[in-house]
Amino acid sequence: MRWPPLIPAVFLRRLNRFAVEVRLGRRRTQAHLPNSGRLHELLIPGYPMWLARREGPRRTRYDVQLVALPDGTLVSADARVPNALFREAWAEGRLAPFRRYIRLLPEPPLGEGRVDFRLEGPEGLAYVEVKSVTLVEDGCGLFPDAPTERGRRHLSALQAAYAAGAQAFIVFIVQRPDARAFRPHDAADPAFGRMLRAVVAGGVQALAYRCTVSIEEIRLAEAIPVIL
């Protein structure tokens, strides 16, 4: 997945869940932050950012796309990106667990809400929920970075889908290259961790992938172990 031309900036402060103030050249301006997570590890004054310019009727002209850590690691801060990465990798046949499915439908209804994808193939249906991961500690990707009732509802819906005869997957996409494994972030939301372990024990499959990230593109890379 290639980025649009990106513009360098410097993070100054977070204004609210979806807006930040940055220094762009010699001026201060606001940018949309397409991620409601806490992002404490990324939103540090002085960190370099790269912005994508957006057109149309909106409050800001820019979206935050990338953050650079002090060691040079680039992290995608856009929580919308993992769904596009999953869809791209599936279409290219790069996701071994999903190669037997021949049709993909986005945002299908499931239970009382929706999940990200439904896959269809000769062997039946699979429901997939994709989660964005930006936090990495000691080489381990962590999700969530704050309590997530919505995430627990998704786990419950996947469990029900599996019980009804479909395959069910939760896929954690770490939007940075430095994760060697993934585990639930019990310190942030112990209830999510407990529920994830329970639904996996009951048949839901948990997968995790890391990404390669550059100023030009982001690409889903290899699978990494899920540690429960």
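Say whether the condition of being more than 22 Å from ILE218 (Cβ to Cβ), assigned by the TED database to the domain that holds ARG99 and touching a Pro at 6+ places or on another chain (Cβ under 8 Å) is met by at least one residue in segment 151-170.
Scanning segment 151-170 turns up at least one residue that is more than 22 Å from ILE218 (Cβ to Cβ), assigned by the TED database to the domain that holds ARG99 and touching a Pro at 6+ places or on another chain (Cβ under 8 Å).
Test each condition in (1) in contact (Cβ under 8 Å) with a residue 40 or more places away in the chain; (2) among the aromatic types (Phe, Trp, Tyr); (3) in contact with a helix residue (DSSP H, G or I) (Cβ under 6 Å, 6 or more places away or on another chain) for TRP50 and report the one that comes out false.
(3)
Does LEU142 satisfy the criteria of being hydrophobic (A, V, I, L, M, F, W, C), in contact with a helix residue (DSSP H, G or I) (Cβ under 7 Å, 6 or more places away or on another chain) and buried (at least 21 other Cβ atoms within 10 Å of the Cβ)? Spell out the reasoning first.
Values: hydrophobic (A, V, I, L, M, F, W, C): yes; in contact with a helix residue (DSSP H, G or I) (Cβ under 7 Å, 6 or more places away or on another chain): no; buried (at least 21 other Cβ atoms within 10 Å of the Cβ): yes.
Spelling it out, it is not the case that LEU142 is hydrophobic (A, V, I, L, M, F, W, C), in contact with a helix residue (DSSP H, G or I) (Cβ under 7 Å, 6 or more places away or on another chain) and buried (at least 21 other Cβ atoms within 10 Å of the Cβ).
ARG118 versus (1) out of contact with any Lys or Arg (no Cβ under 6 Å at 6 or more places or on another chain); (2) in a strand (DSSP E or B); (3) charged (D, E, K, R); (4) surrounded by fewer than 21 Cβ atoms within 10 Å (Cβ to Cβ): which is the lone unmet condition?
The single condition ARG118 does not satisfy is (4).
Output the number of residues of segment 164-187 satisfying the condition of being free of Cβ contacts under 8 Å to residues at least 24 places away in the same chain and either more than 19 Å from GLU120 (Cβ to Cβ) or open to solvent by less than 10 Å² (accessible area, probe 1.4 Å) (or both). So that I can check it myself, show each step before the final result.
Quick first cut of segment 164-187, residues free of Cβ contacts under 8 Å to residues at least 24 places away in the same chain only: 164, 186-187.
Then keep just the ones that are either more than 19 Å from GLU120 (Cβ to Cβ) or open to solvent by less than 10 Å² (accessible area, probe 1.4 Å) (or both); that gives 186-187.
Selection size over segment 164-187: 2.
If you go through segment 1-38, how many residues are open to solvent by 50 Å² or more (accessible area, probe 1.4 Å) and either in a loop (DSSP other than H, G, I, E, B) or of a type in the set (D, E, K, R) (or both)?
14
Quick test of your reading of the structure: LEU110 fulfils all but one of (1) open to solvent by less than 30 Å² (accessible area, probe 1.4 Å); (2) at pLDDT 95 or above. Name the failing condition by number.
(2)
The values are calculated or read from the model by the stated rules, or taken from the named source; none is laboratory data. These numbers were taken from a predicted model, which means no experiment stands behind them. Cβ atoms come from the backbone with ideal geometry, glycine included; neighbour counts cover every protein chain shown. Surface accessibility is based on the protein's heavy atoms, side chains included, excluding ligands, DNA and RNA. Shrake-Rupley method; radii C 1.70, N 1.55, O 1.52, S 1.80 Å.
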